[in-house]
Every structure is written in C-alpha cells, then in structure tokens.
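The values are calculated or read from the model by the stated rules, or taken from the named source; none is laboratory data. Predicted model only: the values in this text are computed from it and were never measured. FYI the Cβ positions are ideal-geometry reconstructions off the backbone, even for glycines, and counts take in every protein chain you see.
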Amino acid sequence: MLGFSPRTALPLALLVLIASSQSPPAAEGYRAVEKHDMRIYEAVRPAVVGITCRTSPTQGYFGTGVVVSADGYILTSTTVVPRGAGNIKVFFSGELEKEAKISEIDEATEAALIKVDAARLKFVPLADSAGARPGSLAFTFGNPFGTLSSDDKVSFSSGFISGVYRLKDNGDFQSKYRDLVIETEAAVNPGSDGGPLVDGQGRLLGIISLGYSERRWLGVAIPTHIIAPRLKALKGITPPKKHLVPPEAVLRREAAWQKAVARLAPAVVQVVIPRAEKAPQRPKGLTYAQMRAEASRRYKIRPAGPVSGVIVSARGHVLTARYHLTGKIHKDKIKVRLADGREFPAKLLGYDANLDLAMLKIEGQRLPHAELNAAKAMEVGDSLAVIGRSEDLKTVTVNRGLVSARSRGYRGTIQTSAYVNYGNSGGAVVDVSGRLVGVTGRINPRSRWGQNSGIGFVTTAASIRGIFDDLAAGKTVEPPPRTFLGVGPGRDRPTILGATVGRVLPGSAAAEARLKPGDIITHLNGHPVESWSGLVRNIVGRKPGETISLTVKRSGKRLELKATLRTNR
C-alpha cells in the first residue's frame, strides 16, 4: 500500500459448583470452534510479516506479506513491493527485522515474491484455491498501519468466503487487477494488502488485494492457483502433509450452509437496470490522502452494473429492492439474467417503498424459482444468509449472519448482522435449511453512514406473501411524508451535549428559523438534545406544521429560536 513519510457477588460455593458442572453441548461446540481458531492463529502468525520499501527518497510503501517457504521466500503484492523497489525491510513477530530482495514480480496477478536470507522459517503452505467455495471458513491476517514494526502485533480476523468471481470493475486506485478473486467477510484493514487469506486448514488461499467491487465493498484476495504457476520459485516448494483439520462442528456447519445455498442459488438472478444518468467518473492523479477521501465519497454513490433479485414463482415473478428502481431509469429496458445464461426482458409491476420491495415479471419456460417460506417466524439469534448474484453471473455471493432484531424500522422487516450492499440488496435471504425466508433491502446511501452501517434489513417472507397479489397487480405504495427540519449533521463533539448543525437547506424550516452551520442545538421544547441521532428521533416523531422551540449555542451565546416543521416533499 502506498504510504507517506453494580454487580451482585455470587457465593464462593456456588461459583465452584458452576465451574465444576458439565458444560452444555452447544457451549462445547463453540469452545471447539474457538480452540480451532486459536490453532490457526498460532500456526500462521509467525509467518505473517510487515514490509516497507521505497522507490525513491520521497516515495515509500508499506503492507503485509506471508512466508511461503522455510528458506525465506515471502509472497506479497506489488501494491506493497512494486517493481524497482529498494530498501526492502521485513518485520517478523518477535521484533526481528531482516533485509529482503525482489526475487520475482508478476504484474498480471500483482504478485511480488521477495527473499530473505534465512532458514527453517515458519511458513504457510499453499492451498488448492480452485476449490474455494462461498460459505467456507476463512481467516485474514495483516499488518495494518505498520503494527508489526511499531508494537509487534499481527491482526487476525475470522469469517467466511463470501464469493468467488471475476472482478470486472476494480474500485481501487492502486490495484489494477481484474480477474478471479476470492471475497471474504473477514476484516481487511488498510495495510493488510499482501497478507494471507487462509482456509480452515491453515493453508494459503490467496494474497489480499487492495482491489474490491464497488457493488460489494468487501475484501478480496487473488487466489494462489492463479499466482503460483506464474512464479518459478513457488513450483519447487513441497507442502507439508499435515494440516489443521477443523472440528466436526465446523465441517457440519459448512456442509449445511453449502447445501442450503445450492438449493436456492438457481433462483437468484442478476437484474440489469439501465440508467439515464451517467456513472461518476473516477478522477486521476490523486495523492494518497485524496484517494482515501474519494473512496469515502464513492461509498455513498450508487455504482453502475447489475444488482440481485430472486424468482419467486414459476410464472416469472421476480422480487428485488425498490431502491434499485429509483432515480432516472429506462423502465422499458430492464433485463433479468439467469445463472444458466438466459436473459429476459422484465416488466416492472408494483412496489412498496416502505418495505423497499419491487416486483418484476419475466416470461419464460422452466424458470427456476424459490417458494416464499413463511411457516416459521425468524427469531433473534437465528442464522441466515444473504445470497446475491455475483458480477460474472456464474456464481452467487453469500454473506452470513444472525437475526439481530425483529420488527426493526417499518413493520414486516427484521434486522440482520449479515452484510448488505449494493450488489446483494434485493437478493434472497435463506435459513440453514435452504428455505427462502425473506428479501434484502433498505439501503440508504444518503445517510451519514453511507450504504451500510454494519447491519442490514430483511423484508420477511410472511410480509411479502401478504402483499404479493397487490404487487403482482401493479399496486404501488409510497412512503408517508416525513417531518423535516432542513438541517444536515455536523461533527458532534463527545465532550459537548447537543446536535451540531453541518448545513442548512435553503427555504427549509431551519432556514426560516435562522439556524446556521456550526450551531449546536441543545434543547428542543425545553428537553435536552444529547446528540444528532437524538435530534432526528425527536423530529421524526412530530407532525408537519408543528412549531417547535430550539435552544441553540452559537459562538458562546445562547439563542432561543422557533421553527415550523414541514415535510420532505
């Protein structure tokens, strides 16, 4: 990566009794998983290294690498060690530092193989990454922000493979790679590029890339079976015969999820929605700081390209997120693409904007479809997975999570910890039995968090069944008008109670009340306002036309202002 220079005490006897009692089977299963995760960490951590280098006195790079042979070969990325780099330093756990030299560079796979003078190093064996499948266990390791050289720490995250597809559009400014990638839900931090993506047996699946899909915004790795044939030195490395086999509980879980996904996958489709507005152009010649700012900006912009949907009847009814059909679109040119390569023109029937759900219709024979399953209500803690259709159409993407809340937001939706993004929004939500239990939606890139704040929303199968006939008949439901003050958020300060105003919309209630950017709203109708979210909750719960009193701090002075609330239409 480019860089610049009151608790109730329990009786002791009871504590002893609890400690000595036999743990329930579920707890033992979790402990087995945790122990396996730690075995992976202890096996791989010594082979993860931090790397710095320079291409000029003023141009430096940093990132991560992984030792792939006992005699000192280290695999990393050209975004960490570009061609022509010198002064290459490698930082091992245990505060050991070594000089390295470039052995081989392959620009096509962005692979850099460097060599240190060493013997009997701990290393990570290469996996046959061609067998990687969504839903399988995966781990990421890294050296974010140079932690290995600063405090001798290696970052570690567990997750799953969420996709295996060809990256057609690379959202990064430094990585140019556009080919097969393994995508993961496991965390990838700045400076982790060049580091290892490891499977459930502690083997190297791929090298973490700076690249990503702007429809997905998840970490990806370039597979080892793509890299290895292009680097001569890797061909002579003999992998060890022993691996860290995951516990039976993990293997059963992976097998169950892969079966569930396979059952529903044929019904998950790509939806192509031509837009009248042009996709935003990517600026060129940016500094590193400007690249990061531009990436943050683009996170809130709807990207071009296909999205996901799911066929829910043999007659060709397709559900997707209403959000995808907003803005200036060519309704007569919408298409639906199936995994078998067939493509059909689609007609927009009805939609419910409150549930962020839209129904399309295609005409075709032998259409794969999934029945909406409303037999069992999803409960908090239940496992689910969000399935989308990948960029290259051939495979699906899988993001797993839990039901984290019921009846969150609009009635008929649940909240999930599974990651929902532009690409899989509108996709199928499946339980571990392979039943279609809902459809994802409710992305709001105009919020202060952008497209996703770590949670997603699902419209349940029961809710969809209740409005299915209305949608099929072309009925449309618009959201009710919301009460609107007309201010945008500023930067709240933790030491000061109140909501900081970042901007005031012209002609709004806030403008007429003479609020200004930088004002801190401390009270509303005499009640304290502690933060921006507190202000929003208070405003949304009121009716348009109501006049409110605002206590405001401005340049050390206290002001009392009145505003008559309006709607957002």
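Determine which member of the set PRO266, PRO283, PRO345 is touching an Asp or Glu at 6+ places or on another chain (Cβ under 7 Å) and not hydrophobic (A, V, I, L, M, F, W, C).
Residue meeting the stated conditions: PRO283.
Please go through (1) assigned to a loop (DSSP other than H, G, I, E, B); (2) in contact with a Phe, Trp or Tyr (Cβ under 6 Å, 6 or more places away or on another chain); (3) on the phi > 0 side of the Ramachandran plot for GLY202 and return the number of the only condition it doesn't satisfy.
Among (1) assigned to a loop (DSSP other than H, G, I, E, B); (2) in contact with a Phe, Trp or Tyr (Cβ under 6 Å, 6 or more places away or on another chain); (3) on the phi > 0 side of the Ramachandran plot, the lone unmet condition for GLY202 is (2).
Those residues that are within 14 Å of GLU560 (Cβ to Cβ) and surrounded by fewer than 20 Cβ atoms within 10 Å (Cβ to Cβ), I need them from the range 505-519; list them, please.
Answer for the range 505-519, where residues must be within 14 Å of GLU560 (Cβ to Cβ) and surrounded by fewer than 20 Cβ atoms within 10 Å (Cβ to Cβ): just ARG514.
Out of (1) modelled with pLDDT under 95; (2) on the phi < 0 side of the Ramachandran plot; (3) surrounded by 17 or more Cβ atoms within 10 Å (Cβ to Cβ), the odd one out for SER93 is which?
Status for SER93: all satisfied but (3).
State all residues of the range 535-568 that are surrounded by fewer than 16 Cβ atoms within 10 Å (Cβ to Cβ), within 20 Å of GLY518 (Cα to Cα) and of a type outside the set (A, V, I, L, M, F, W, C); if no residue qualifies, say none.
Of everything in the range 535-568, those that are surrounded by fewer than 16 Cβ atoms within 10 Å (Cβ to Cβ), within 20 Å of GLY518 (Cα to Cα) and of a type outside the set (A, V, I, L, M, F, W, C) turn out to be SER549, ARG554, SER555, GLY556, LYS557, ARG558, GLU560, LYS562.
Consider only pairs whose beta carbons are under 8 Å apart and that are at least six residues apart or on different chains; among these, list those whose first residue lies in the range 68-95 and is of a type in the set (Asp, Glu) and whose second residue is surrounded by fewer than 24 Cβ atoms within 10 Å (Cβ to Cβ) and at pLDDT below 95.
Going by the 8 Å Cβ cut-off, the qualifying pairs are ASP71/ALA118; ASP71/ALA119; ASP71/LEU121; GLU95/ASP152.
Just to be sure, is LEU355 modelled with pLDDT under 95, under 24 Å from the mean Cα position of the chain (by Cα) and surrounded by 22 or more Cβ atoms within 10 Å (Cβ to Cβ)?
So LEU355 passes the test.
Tell me which of these THR522 doesn't satisfy, since it passes every other one: (1) touching a Pro at 6+ places or on another chain (Cβ under 6 Å); (2) of a type in the set (Ser, Thr, Tyr); (3) closer than 10 Å to THR500 by Cα.
(1)
Restricting attention to the range 416-432, does a residue exist that is farther than 27 Å from PRO479 by Cα and charged (D, E, K, R)?
yes
May I ask you to list pairs of residues, at least six apart or on different chains, whose Cβ atoms are under 9 Å apart, with the first in the range 334-362 being more than 19 Å from THR440 (Cβ to Cβ) and the second being modelled with pLDDT under 95 and of a type in the set (Asp, Glu)?
PRO345/ASP332; LYS347/ASP332
Restricting to the range 168-196, name every residue that is farther than 21 Å from PRO134 by Cβ and acidic (Asp, Glu).
Result: ASP172, ASP193.
Sort out which residues of the range 192-226 are surrounded by fewer than 24 Cβ atoms within 10 Å (Cβ to Cβ) and hydrophobic (A, V, I, L, M, F, W, C), and write them in order of number.
Across the range 192-226, the qualifying residues are TRP217, LEU218, ILE226.
Test of understanding: among THR140, THR109, which residue is in a strand (DSSP E or B), on the phi < 0 side of the Ramachandran plot, crowded, with 21+ Cβ neighbours inside 10 Å and not hydrophobic (A, V, I, L, M, F, W, C)?
Values: THR109 fails: in a strand (DSSP E or B).
Going through THR140, THR109 in turn, just one is in a strand (DSSP E or B), on the phi < 0 side of the Ramachandran plot, crowded, with 21+ Cβ neighbours inside 10 Å and not hydrophobic (A, V, I, L, M, F, W, C): THR140.
Can you run down the residue pairs with Cβ atoms below 6 Å, 6 or more apart or on separate chains, where the first is in the range 240-251 and closer than 11 Å to HIS36 by Cβ and part of a loop (DSSP other than H, G, I, E, B) and the partner is modelled with pLDDT under 85 and small (Gly, Ala, Ser)?
Taking only residues 6 or more apart or on different chains, the pairs are PRO247/ALA32.
What pairs can you find where one residue is in the range 260-289 and at pLDDT below 95, the other is part of a helix (DSSP H, G or I) and loosely packed, with under 13 Cβ neighbours inside 10 Å, and their Cβ atoms are less than 6 Å apart, with a gap of 6+ or different chains?
Matching pairs, first to second residue: PRO274/LYS333.
Could you please find all residues in the range 133-172 being among the basic types (Lys, Arg) and closer than 18 Å to MET38 by Cα?
Result: LYS153, single match.
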